Amino acid sequence: MRASHCPMEDRHEQWMTVYGRTYKDSAEKQMRFQIFKTNIEFIDTFNKKDRGYTVSVNEFADQTNEEFTASRNGFKKPSSQPKNSASFRYENVTAVPSTMDWRTKGAVTVIKDQGQCGCCWSFSAVAAMEGITQLSTGVDGTCNAKKAASSAAKINGYEDVPANSEEALLKAVANQPISVAIDASGSAFQFYSSGVFTGECGTELDHGVTAVGYGTATDGTKY
């Protein structure tokens, strides 16, 4: 939606049309318009600086960041830290490829929209399992949510990647897609559009995603 030159009211109306948004009454519409206006101003200001990544208007433009994180970021950090696994299978790996993209190897299925369901942890875990299934069997392991009795693989256990170790995570992702938790709060994540995210990374883990590769961008930024 490119209409930065239009009055804000017109941009809101255009956005409502694009995303099929309706409101129960004029009071709600006005309230959502004010949130939309604040978010658009953030997006326009953010993109004026060269940060290496951009944000843009999306379906969440009339939601506060608190509303967005409450409905999308469903990962709950355990109250007690689990004990590290006795072993890490990739601990003794000494060499890894300079880049890895499991999408090009058929180990990443189509992107799924969790909608208002704050169960990112399940999407993250299933995506990692789909990838491992493909790597192990050569068969697309896409989960079919419409078939209650369908079974593509069986989980016999899991293993934690050593915490706070970029090297350990690199070794793991070099061998398979990995289910990870991140701090995805903040408006930059809410409206992220493209590029390597180099913004602030907090430690309050609240979102489950799947790491499917790594490498170096054309400007030298590692991701």
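Some observations on this one:
- SER136 over 13 Å from the mean Cα position of the chain (by Cα), more than 25 Å from GLU67 (Cβ to Cβ) and of a type in the set (S, T, N, Q): yes
Each row is one residue, and each column tells you yes or no for (1) surrounded by 12 or more Cβ atoms within 10 Å (Cβ to Cβ); (2) touching a residue at least 12 places away in the same chain (Cβ under 8 Å); (3) under 21 Å from the mean Cα position of the chain (by Cα).
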position	(1), (2), (3)
MET16	yes, no, no
LYS24	no, no, no
LYS29	yes, no, no
ILE35	yes, yes, no
ASP44	yes, yes, no
THR54	yes, yes, yes
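- Considering each residue of the stretch 161-169 in turn, at least one proves to be assigned to a loop (DSSP other than H, G, I, E, B) and among the hydroxyl-bearing types (Ser, Thr, Tyr).
- Test: residue in the stretch 16-38 that is at pLDDT 95 or above, in contact with a His (Cβ under 9 Å, 6 or more places away or on another chain) and aliphatic (A, V, I, L, M): no
- When residues of the stretch 173-223 are limited to those that are under 14 Å from the mean Cα position of the chain (by Cα) and polar (S, T, N, Q), the one farthest from MET129 (Cα to Cα): SER187
- Applying the set (1) out of contact with any strand residue (DSSP E or B) (no Cβ under 9 Å at 6 or more places or on another chain); (2) aliphatic (A, V, I, L, M); (3) in contact (Cβ under 8 Å) with a residue 24 or more places away in the chain to ILE111 leaves exactly one unmet item: (3).
- In the stretch 16-61, the residues that are of a type outside the set (A, V, I, L, M, F, W, C) and either in contact with an Asp or Glu (Cβ under 8 Å, 6 or more places away or on another chain) or in the same structural domain as GLU200 (by TED's automatic domain parsing) (or both): TYR19, ARG21, ARG32, ASN39, GLY52
- Filtered residues of the stretch 183-201 (kept if surrounded by fewer than 20 Cβ atoms within 10 Å (Cβ to Cβ), touching a residue at least 24 places away in the same chain (Cβ under 8 Å) and among the hydrophobic types (A, V, I, L, M, F, W, C)): VAL196, PHE197
- A count restricted to the stretch 71-107 and to residues that are touching a strand residue (DSSP E or B) at 6+ places or on another chain (Cβ under 8 Å), at pLDDT 90 or above and closer than 17 Å to ILE178 by Cβ stands at 5.
- If you go through the stretch 171-186 and pick out every residue that is among the hydroxyl-bearing types (Ser, Thr, Tyr) and assigned to a strand (DSSP E or B), you end up with 1.
The values are calculated or read from the model by the stated rules, or taken from the named source; none is laboratory data. Everything quoted here is computed from the prediction, not taken from an experiment. Because the Cβ atoms are built from the backbone with ideal geometry, glycine has one as well, and the counts that use them run over all protein chains shown.
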